[in-house]
Amino acid sequence: MSSAQTHRTIDAIWRMESAKLIAGLTRMVRDVALAEDLAQDALLIALERWPETGIPDNPGGWLMTTAKRRAIDFMRRNKLRDQKYGEIGRTAPLYTEDDVDQALDGEISDDLLRLIFMTCHPVLSQDARVALTLRLLCGLTTDEIARSFLVAESTVAQRIVRAKRTLSAEKVPFEVPTGEELNQRMAAVLEVIYLMFNEGYSATSGEHWTRPLLCQEALRLGRILAEIAPNEQEVHGLVALMEIQASRLKTRINAKGEPILLMDQNRAKWDQLLIRRGITALERSRKLGRPLGPYSLQAAISACHAEARSAAETDWIRIAALYEALARLSPSPIVELNRAVAISMAFGPAFGLQIVDELNKEPSLKGYHLLPSVRADLLAKLGRYDEARSEFERAASMTRNTRERELLLQRAADCESGTYQ
């Protein structure tokens, strides 16, 4: 394996393991900023050694063991050995290559939920919680987060630094709260898990369009929350949404890793068990007797797709109505863009294009690549291929995901050749 290939493999391993690594280290040192630093130290050591020694059989265990040794060294240097080193020795033994699989599936995985509740403490603003989540749990860089939320990279970096300092200064406990405190943080925790799943479903950047392991972890955490808070309607709504969306993961890419859009997917290969679990979770949400919230409405939209035997049989009129309800409940330009797509499918592309053209005036969507992508699709359906090609090329220049860029450029080429479908 070449040095470049090794570094790409290490980057992929880091994206898979970093959240668990930081969560486990936070349990040890009770400081999320220090935990991230220790995890980064382990990554740097791996980048130095693995190109020469080869990647170990259990890279996650190697990183955890290395980071824990760095943590112990840190404790010694700061003269906290009597208290902290003793605590580590009692509660957090070093993981070896032999027991790493059990460790990662057990207590370290549970630490992720504690880390989410920690980073969703009300001492942090919503912007800070979101930035910290995407950084620690999804492994995004500050630049990637900044592009996603259309703000300066320096702004995101400052939010993350201040958030970690605040958690440390306020001595926010590393635990899943109970009672009223659990209820107060639930909305923020659901948002974090939702963002985590979305990053796995459509990766912001990189060479892969999806990150299935991130989706699986978000879904696992959602299922745990549904057991912890069985009377929280939106917990079941979010679980329903993730179950149904996850049912399509294997059909979202072909054997070469190239994206397959929803209308072109082989529905016979959608995971029927996940769909049934999602429909059941949606029913649990409805049976609680309250008006559906944003996650439950999105789950109901996903259920419309799941219940249609083919793309042609999709009930787009119902989907458009559900997006209308979602827009009233949680108005946002992104929801409006999705509503435009549904309306175009239900009533024709000209109607959808009217909405999209209005959204072109929305400042927050200035750098959002899906706006020109949707507009291009509608223009192409109206036979305005030159305009569509230009919009697809503009969308391609805005995305940071390699696979998505290739798809958009191919669609632009199809417009130019007259083969767009």
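The number of residues in the range 210-232 being assigned to a helix (DSSP H, G or I), at pLDDT 90 or above and among the charged types (D, E, K, R) comes to 1. The set of residues in the range 233-274 that are part of a helix (DSSP H, G or I), within 17 Å of the chain's Cα centre (by Cα) and within 15 Å of residue 309 (Cα to Cα) contains only 244. Selection of first residues in the range 278-294 that are farther than 11 Å from residue 243 by Cβ and of second residues that are surrounded by 18 or more Cβ atoms within 10 Å (Cβ to Cβ) and of a type in the set (S, T, N, Q), restricted to Cβ pairs under 7 Å at least 6 apart or on distinct chains, gives the following pairs, ordered by first then second residue: 285/233; 285/296; 288/233; 290/233; 292/285; 293/233.
Would you say residue 190 is touching a residue at least 60 places away in the same chain (Cβ under 8 Å), out of contact with any Ser or Thr (no Cβ under 8 Å at 6 or more places or on another chain), over 25 Å from residue 29 (Cα atoms) and assigned to a helix (DSSP H, G or I)? Spelling it out, residue 190 is indeed touching a residue at least 60 places away in the same chain (Cβ under 8 Å), out of contact with any Ser or Thr (no Cβ under 8 Å at 6 or more places or on another chain), over 25 Å from residue 29 (Cα atoms) and assigned to a helix (DSSP H, G or I).
The requirement of being more than 21 Å from residue 135 (Cβ to Cβ) and either within 26 Å of the chain's Cα centre (by Cα) or in a helix (DSSP H, G or I) (or both) is not satisfied by residue 36. Note on the range 114-152: among residues that are among the hydroxyl-bearing types (Ser, Thr, Tyr) and over 17 Å from residue 197 (Cβ atoms), the one that is farthest from the chain's Cα centre (by Cα) is 125.
If only residues of the range 195-222 that are acidic (Asp, Glu) and closer than 14 Å to residue 249 by Cβ are counted, the one that is surrounded by the most Cβ atoms within 10 Å (Cβ to Cβ) is 199.
The residues of the range 1-59 that are in contact (Cβ under 8 Å) with a residue 40 or more places away in the chain, under 16 Å from residue 213 (Cβ atoms) and not aliphatic (A, V, I, L, M), listed by number, are 9, 14, 15, 17, 18, 20, 58, 59. The set of residues in the range 1-25 being modelled with pLDDT of 80 or more and more than 21 Å from the chain's Cα centre (by Cα) consists of 25 alone. Of all the residues in the range 247-256, those that are of a type outside the set (Ser, Thr, Tyr) and touching a residue at least 40 places away in the same chain (Cβ under 8 Å) number 3.
Can you tell which of 246, 299, 303, 312 is of a type in the set (Gly, Ala, Ser) and touching a Gly at 6+ places or on another chain (Cβ under 6 Å)? It is 299. Can you say whether residue 375 is in contact (Cβ under 8 Å) with a residue 12 or more places away in the chain and surrounded by fewer than 20 Cβ atoms within 10 Å (Cβ to Cβ), as far as the supplied structure shows? No, not satisfied. Filtering the range 203-232 to residues that are more than 19 Å from residue 285 (Cα to Cα) and in contact (Cβ under 8 Å) with a residue 60 or more places away in the chain leaves 203, 204, 205, 206, 207, 208, 209, 211, 213, 214, 217. Per the listing 397, 332, 296, 390, the residue uniquely polar (S, T, N, Q), closer than 26 Å to residue 281 by Cα, touching a helix residue (DSSP H, G or I) at 6+ places or on another chain (Cβ under 9 Å) and at pLDDT 95 or above is 296.
The set of residues in the range 252-278 being closer than 19 Å to residue 218 by Cβ, β-branched (Val, Ile, Thr) and out of contact with any His (no Cβ under 9 Å at 6 or more places or on another chain) consists of 275 alone.
Within the range 388-420, the residues that satisfy the criterion of being of a type in the set (A, V, I, L, M, F, W, C) and either at positive phi or free of Cβ contacts under 8 Å to residues at least 60 places away in the same chain (or both) are 388, 392, 395, 396, 398, 408, 409, 412, 413, 415.
The values are calculated or read from the model by the stated rules, or taken from the named source; none is laboratory data. Please read these numbers as outputs of a predicted model, since none were measured by experiment. Virtual Cβ from ideal backbone geometry, glycine too; neighbours counted across all protein chains shown.
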